[in-house]
1. Non-local amide H neighbours of ASP172 (under 5 Å, H modeled in plane, Pro and chain starts lacking H): which ones?
2. May I ask for the distance between the Cα centers of the stretch 310-325 and the stretch 229-304, given as a whole number of Å?
3. List, in order, the whole-Hz ³J(HN,Hα) value for each residue of the stretch 346-355 obtained from phi through the Karplus relation with A = 6.51, B = -1.76, C = 1.60 and θ = phi - 60°; use x for Gly and Pro.
4. In debye, nearest 20: dipole of the stretch 181-292 around its Cα centre with unit charges on the Cβ of K, R (+) and D, E (-)?
5. At a 1.4 Å probe radius, carbon and sulfur cover how many percent of the accessible area of the chain?
6. How big is the dipole moment of the stretch 389-483 about its Cα centre under a simple scheme where the beta carbon of each Lys and Arg is +1, that of each Asp and Glu is -1, and everything else is neutral? Debye, nearest 20, please.
7. Place a point 7 Å from the Cα of LYS210 along the Cα-to-Cβ direction; which residues of the stretch 262-292 have their backbone N under 16 Å from it?
8. Please compute the modelled spin-label separation between SER328 and ARG537, points set 7 Å along Cα→Cβ, answer in nm with one decimal.
Amino acid sequence: MSTAALAVLSLIQCGRIDLAKELQSQTTIQQGQKLFQADLTTTSDLRLNKQGTPEHHFIYNKKTGLWNGITPWRDRADGPKAVELAIKFALNAEVVESLSVAKKELPKYGFDQDAISFECRNSLGDIIAEFEVGKASAWHKKIEGKEDIYVPTVYLRRTDEENDKHIYLCTDFTGNIRKLFNTEFKNFRDHRPFALNINKLRQVRLVRSKTEIVLERRAPDASWLLTKPLELKTDPEAVISYLVNLSKLEAIALHSTAQVALPEASEELQKISISNFGSDEETTLTVYPPAENAGSTYATVSNRDVVFELPLIATPKVSNHITQLPDSINSLRSRTMLHLNETDRADLRGIIVRSPTSGSAPVLISRIPKGRYKLLGHNNSKEDIDESVLANLLKQLITTPVKDFASDAAADFSPFGLDQPTVVIDFVFFYGPPIQLRFGKVTQNGPDGIPQDQYFANLRDSPIVWEVTGELISDIPTRSWDWQPKEIWTLPVIDIVGFTAQTEGQPELAITYDYLDDSFTATFGDQDVTQKLNPQRAKFFLNENHHLVAQQRLSPHNAQAQQALENPILTISITVQEFDNEGLPADKTTNTLEIAPATRSENNAFFYAKASNSSGYFILNKDTVAQLAARDIFEED
């Protein structure tokens, strides 16, 4: 069955027409073509008419990027949701069928007092589209794809054609274009107090009672800062949320200023003022106190002659409401302690970590320009650091949010334990000023009489004090061994000539390896077990263990590790052939690792280890110890 026949059948079934003979196919605009060939995206003047309703005339302001109503009201129009949607409807209207009907039958298709007439003009004043919108049709056009969709259709009549009886059945990608014109075109008036252009926005002032919060930036690409009541860095996500809520703030109704008796000015007024770059004009939204138990409140905007009825809570149609705006600077301020950008990181010369109350030696990390960071020790000794420790410390201090804001005007720091800090971190830069971050601890009895610890932090020379968690402070690497690499050894695999594994209560397993001959020999105590050795597994053992990394590094004086390793359960050694400056074989070096469980129970979670080439102790996990035991380098039997 043809498309035309289906359309006729649909119309008859829906009672839209009585006789199929009233429809005659036309070829004015072919099926599948756009109803308008002109570029409707150039529309800058839109006029809408409906019988019994004054003409609604809208003009596009290229400078501001906004649509404005000219008649019957002079106010900002809702471009995205109304004016532009109407133009896009006309732009995307595709002909499904063209029909010619008797003049007396036109009302059956909606071309009567309910028809909506469109007139689109470009910036030169040329009319580029004239048409009427009639009734919606029961016919849906099928659009094939991965998932077929069915697009509603509506009857349109071009009023610029000589044949005024000619109508078109066209696609309606809005779903229901006539819904846009309900309530006498009220949808076309912008219900948003602000038409924010985030790229041009320079300042936002929020005044509530005697409190003023000023958010501003010095350039369109600069970061937002709080400048009142304190000069503070901001939380970028909180600022974006604030600005988005402002831009989406929408009235549930608009009222004439003559119809609403606004409350008298009082301290309960709330004012939000915005200003843009390149303009001294400030636009102010004044929000009046709501009536008791009301779900909405009235507001006015300085550049619009209308009263907004703003929701106080979310509604099915409006998700943003006035009570979502920040109630204090704490809602917008940065909740992190340290702010170091890429330039600051590149300028960082060193870090000094001290624990004044512990009596331990400070940790000094330093570098020369473009050099690697070194751990400075006694007699100006220098050793590599674990770079991941520095990265994790900076990440914690830069990204971890504080627990709370304890004070913004501290003069006496003793109530926060900062007069005798437990941890002090100094950041030293090549060119920038130094930064000192200090942490304090205060112990007080809780409501139940049990002592409770509170932890605080502060940047020296700042009156701001944060409350932080004890976990944050405990994660700060305050000992030199915290900064040392976790590598136990890194050996050239091609120079390894042998390894041993001595398990408690068992004979020693000894493996020798000839790299040039690519051969292994193996003994288990006095027994030769070379034939049972799997060479591929033995190579895998060397590849996996020539670079050995611990889970954690411990103090050289760790009592628990020292006691456990008095009776090791596994001793591993790897022997490496050394070479002289001429590349000839020299001495051999053997690296030994003793391993003992933290506890002798079956549920032991980790192991202590001591390497012959290091003064400290290590923690190994179960998988690493099982791998070092070399139990799987032999054939299954």
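1. Here THR153, VAL154 satisfy the definition.
2. After rounding, the separation between the Cα centres reads 13 Å.
3. Taking θ as phi minus 60°, the curve returns 5, 8, 5, 8, x, 9, 10, 10, 10, 10 Hz for the stretch 346-355.
4. 260
5. 48
6. 280
7. The answer is 266-269, whose backbone nitrogens lie closer than 16 Å to the label point.
8. With each label point 7 Å from Cα toward Cβ, the separation is 6.5 nm.
The values are calculated or read from the model by the stated rules, or taken from the named source; none is laboratory data. On a predicted model such as this, the values are computed, not experimentally measured, just so you know. Cβ: placed from backbone, ideal geometry, glycine included. Neighbour counts: every protein chain shown. The protein model used for the area step is the full one, side chains on, heavy atoms only, and it has no ligands, DNA or RNA in it. Shrake-Rupley method; radii C 1.70, N 1.55, O 1.52, S 1.80 Å.
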